[in-house]
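Notes for the one structure printed next.
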Amino acid sequence: LWIDDLEMSPVVENTAPAPVAGGPGTPARPAAQDRRDRLLKNSTTVEVNQENLLVDGKPYLFRGIRYTDTPLPVLRNVGFNTLFVDYKTPQAKLDEALNLGFKLVPSLPVATNDPRLTSGRNLEGEVDRFPGSDGVLFWELGGGLMAEQKDLIANAARTVHAADPRPVGADVWDGFLPYSRHLDMVGVHRWPLMTMMQMPQYRDWLNQRRLLCRPDTFTWTTIQTHLPD
């Protein structure tokens with residue numbers, strides 16, 4: 001099956017609401033709360049409402065790809081609107097992606113024992129590193145997560161939520177019900193190409209994992225584009 005020249009339309013340009021100025025005499029508050037309030041006032045609103053991802057109140061279908069070495073204009077021209085970026089991605093690349101209109105999904109793999117992500121303070125610092133406007137679509141806390149890691153991910157999700165109002169998600173291998181209690185978005189994937197699993201079975205497998213989550217949990221998947229090694 002060959003698929004080419006796929007076009008998706010219409011594309012609606014999102015506009016951020018006007019900033020709201022604060023009045024004099026406002027009491028001092030923690031930096032994380034101040035940053036959260038600024039984002040709520042000055043940026044595009046991103047939220048998960050049951051099974052819908054909404055941007056400024058409108059359903060948003062993200063078509064994402066992980067950033068590697070492919071030029072960003074090429075990715076934009078073929079129809080991607082979201083870029084999954086590593087938390088080590090250079091700032092120049094983040095700025096270029098935003099200028100091209102990409103939404104960003106920063107990956108913060110908190111289960112990898114990276115010292116930059118193992119403490120709440122360091123994790124907040126990585127969140128602060130990303131643009132505070134309408135660039136971030138949601139935060140990704142890792143992939144292929146096992147049920148035994150649910151407490152670690154739950155604590156990280158609370159830390160990120162305290163610093164930023166946008167959704168938090170992760171790709172999960174098992175333990176879907178407990179993960180869906182702490183994550184706004186649950187990813188699920190499997191590599192069916194060149195295996196005994198046919199496409200209808202793959203569809204059923206994905207749906208079964210969705211049903212293992214809490215009702216109305218937003219789920220997404222990663223599409224396999226390469227043959228197994």
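Screening the candidates G79, G57 for the property of being in contact with a Lys or Arg (Cβ under 7 Å, 6 or more places away or on another chain) and more than 18 Å from W139 (Cα to Cα) yields one hit, G79. Filtered by the rule that a residue be open to solvent by 30 Å² or more (accessible area, probe 1.4 Å) and either under 17 Å from the mean Cα position of the chain (by Cα) or not charged (D, E, K, R) (or both), segment 41-54 gives N42, T45, E47, V48, N49, Q50, E51, N52. Exactly one residue out of V110, V46, V105, V55 is in contact (Cβ under 8 Å) with a residue 40 or more places away in the chain and over 25 Å from V11 (Cβ atoms): that is V110. In this structure, D184 does not qualify as open to solvent by 70 Å² or more (accessible area, probe 1.4 Å) and in contact (Cβ under 8 Å) with a residue 40 or more places away in the chain. Quick one: is R210 surrounded by fewer than 14 Cβ atoms within 10 Å (Cβ to Cβ), more than 17 Å from E148 (Cα to Cα) and under 20 Å from the mean Cα position of the chain (by Cα)? No. Scanning segment 55-69 for residues that are at pLDDT 90 or above and hydroxyl-bearing (S, T, Y), which turns out surrounded by the fewest Cβ atoms within 10 Å (Cβ to Cβ)? Out of the qualifying residues, it is Y60.
Yes/no per residue for (1) under 25 Å from L61 (Cβ atoms); (2) open to solvent by 20 Å² or more (accessible area, probe 1.4 Å); (3) within 16 Å of the chain's Cα centre (by Cα):
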{"residue": "D128", "(1), (2), (3)": "no, yes, yes"}
{"residue": "G144", "(1), (2), (3)": "yes, yes, yes"}
{"residue": "P167", "(1), (2), (3)": "yes, no, yes"}
{"residue": "H226", "(1), (2), (3)": "yes, yes, no"}
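Would you check which residues across segment 81-98 are among the basic types (K, R) and either in a loop (DSSP other than H, G, I, E, B) or open to solvent by less than 70 Å² (accessible area, probe 1.4 Å) (or both) and list them? K88 - this is the single residue of segment 81-98 that is among the basic types (K, R) and either in a loop (DSSP other than H, G, I, E, B) or open to solvent by less than 70 Å² (accessible area, probe 1.4 Å) (or both). Could you grab me the full set of residues in segment 42-59 that are touching a Ser or Thr at 6+ places or on another chain (Cβ under 9 Å) and part of a loop (DSSP other than H, G, I, E, B)? The answer is S43, T44, Q50, E51, D56, G57. Look at (1) among the aliphatic types (A, V, I, L, M); (2) open to solvent by 100 Å² or more (accessible area, probe 1.4 Å); (3) over 18 Å from the mean Cα position of the chain (by Cα); (4) at pLDDT 75 or above and you find that V78 fails only one, number (2).
Selection of segment 190-219 for residues being in contact (Cβ under 8 Å) with a residue 40 or more places away in the chain and of a type outside the set (S, T, N, Q) yields D216, F218.
The values are calculated or read from the model by the stated rules, or taken from the named source; none is laboratory data. In this text the structure is predicted, and so the values were computed from the model without any measurement. Cβ atoms come from the backbone with ideal geometry, glycine included; neighbour counts cover every protein chain shown. For accessibility, only protein heavy atoms count, side chains too; no ligands or nucleic acids. Shrake-Rupley method; radii C 1.70, N 1.55, O 1.52, S 1.80 Å.
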